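Since the structure comes first, as structure tokens, the remarks are kept for the end.
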Amino acid sequence: MKVNRVKVIWLAMAVLFAMTGAVHADSGAALTKEVQASITSGKALEMLKQGNQRFLSGQAEKRDFLAQVKQTSGGQFPFAAIVSCLDSRVPPEIVFDRGIGDLFVARVAGNFVNDDILGSLEYAARVAGARLIVIMGHTECGAVKGACDSAQLGLLTATLANINPAVNSVQGDYSPRSSKNKEFVQAVAEKNVELTMEKLRDRSVVLRGMLDKGEIGMVGAMYDVSTGKVEFLE
């Protein structure tokens, strides 16, 4: 019985990939060290854009998460690090359609950075090899609204103070300058992303050096809680 030559070739390639762990970056399997090494910051950004598009179209990759747990038990090779808000409506792994071992994610109300988060990002980029840092805010952000209203509540007061620079930096004829004004809230949320990126460069010598050498990239983004779409502020 004759065997289709093309099928034999494809079978051989499949066996080779299984043996070497050379899994394509957009497949449902966990990333390998070899795949991570081949990803540039530009490719990482494109992977996130494509993932969000899959999420929006309802065509998410099929993933065996338990299999990914086993695949990543001996090491992790994420391609990007995301700083996002604590908001329950903004899960980065889901909205970017990624699996276990793909992303480092730091979440805090108001998606700002402090020394602890910056240190974590230094680990993500310098030690673990992430190629892209994303600072992602979102629409209808409760933390931003609280900062706009100068909310006072226990330790949250100090947390929201990290967003005050954005509140004070927004110029224009916004009236009122409070959470009741959706345009003002959106402007503050976007300014907060911008200032957070500036703070990252100013505070972290390690990350600034990597950015200047082109070893990593950084981009701002805004997530729309009403549509699920991520707009990158390039």
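The values are calculated or read from the model by the stated rules, or taken from the named source; none is laboratory data. As the structure is a computational prediction, the values presented were derived from the model and not from experiment. Cβ coordinates were reconstructed from backbone atoms using ideal geometry, including for glycine residues, and neighbour counts include every protein chain displayed.
When we screen Leu195, Leu160, Leu155 for residues that are under 20 Å from Ile117 (Cβ atoms), among the hydrophobic types (A, V, I, L, M, F, W, C) and more than 25 Å from the chain's Cα centre (by Cα), the only hit is Leu155.
Condition check ((1) part of a loop (DSSP other than H, G, I, E, B); (2) of a type outside the set (A, V, I, L, M, F, W, C); (3) in contact with a Pro (Cβ under 8 Å, 6 or more places away or on another chain)) across all residues:
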| residue | (1), (2), (3) |
| --- | --- |
| Glu183 | no, yes, no |
| Gln186 | no, yes, no |
| Ala189 | no, no, no |
| Glu194 | no, yes, no |
| Lys199 | no, yes, no |
| Val206 | no, no, no |
| Gly209 | no, yes, no |
| Val225 | yes, no, no |
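The residues of the stretch 196-231 that are surrounded by fewer than 20 Cβ atoms within 10 Å (Cβ to Cβ) and among the β-branched types (Val, Ile, Thr), listed by number, are Val205, Val206, Val219, Val225, Thr227. When restricted to residues that are surrounded by fewer than 20 Cβ atoms within 10 Å (Cβ to Cβ), of a type outside the set (A, V, I, L, M) and in a loop (DSSP other than H, G, I, E, B), the stretch 114-133 contains 2. Restricted to the stretch 21-113, the set of helices (runs of 4 or more DSSP H) holding at least 2 residues that are modelled with pLDDT of 95 or more and either under 18 Å from the mean Cα position of the chain (by Cα) or aromatic (Phe, Trp, Tyr) (or both) comprises 41-57, 92-95.
When the stretch 81-106 is filtered for residues that are touching a helix residue (DSSP H, G or I) at 6+ places or on another chain (Cβ under 8 Å), over 17 Å from Lys199 (Cβ atoms) and without any contact (Cβ under 8 Å) to a residue 60 or more places away in the chain, the ones remaining, listed by number, are Leu86, Ile94, Asp97, Arg98, Leu103, Phe104, Val105.
Residues in the stretch 134-169 that are among the hydrophobic types (A, V, I, L, M, F, W, C) and either on the phi > 0 side of the Ramachandran plot or buried (at least 19 other Cβ atoms within 10 Å of the Cβ) (or both): Val134, Ile135, Met136, Cys141, Ala143, Val144, Ala147, Cys148, Leu160, Ile163, Ala166, Val167.
If the condition is being modelled with pLDDT under 95 and either on the phi > 0 side of the Ramachandran plot or of a type in the set (Val, Ile, Thr) (or both), then the stretch 170-190 contributes only Gly172.
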